[in-house]
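In what follows, a structure is listed as structure tokens, so that the remarks can point back to it.
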Amino acid sequence: MSGAHTYLIALGSNQRHPAFGNPRQVVASAMELLDGTAGAVTAHSRIIDSAPVGPSQRRYANAALLLETRLLPPSLLTVLHETEAAFGRVRRGQRWRSRALDLDIVLWSGGIFASPELLIPHPRFRERDFVLGPAAAIAPEWRDPVSGLKLKHLYARLTRHRPAPR
């Protein structure tokens, strides 16, 4: 795809959807939907289970995908928000609450992007193993434009065992 950008997208769900099923099925359906509507999915991770962040009590299904598209970040963000809305997400109220679908732009081939609505790289991706694990599985050599570290190294740093404090 000439003039295309590559994006690393994180997907998550912790709420059943009446049409798509349980959270794992929601994530799988979202990956299928994005392939062709937002661009071409060139790789995707397996779907993993993870503990909730914030006040939600439900476990999450998470995955990552690589998307090739001609869309620039603001346009892709609009498409991702429309996709979330198609899965029943309403953007208001408490952060980190239960939701059928959450889509985040983590990285893009253009490096750093900043606007009032969107920051790339995603500001918290380096702290989240449920993002870094799937991301490192499909794009281990991709470098974080802020730290300069490869995703596989960021994931290893985040998940390495450290001795207990004395």
Problem - Gaussian network model of the chain, Cα within-10 Å springs - most flexible of GLY88, GLY21, GLY148 - result: GLY148
Practice task
State the label only: which of [x] 129; [y] 179; [z] 143 corresponds to volume of the Cα convex hull per residue in Å³ computed from the shown model?
Solution key: [x]
Fill in the blank from the handout: Residues other than HIS122 with Cβ under 11 Å of its Cβ, Lys/Arg counted +1 and Asp/Glu -1, net out at 0
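FYI, it's all coordinate maths here, none of it is from the lab. All figures in this text were calculated on a predicted structure; none of them were measured in a lab. Every residue, glycine as well, gets a Cβ built from its backbone with ideal geometry; the counts of neighbours run over all protein chains shown.
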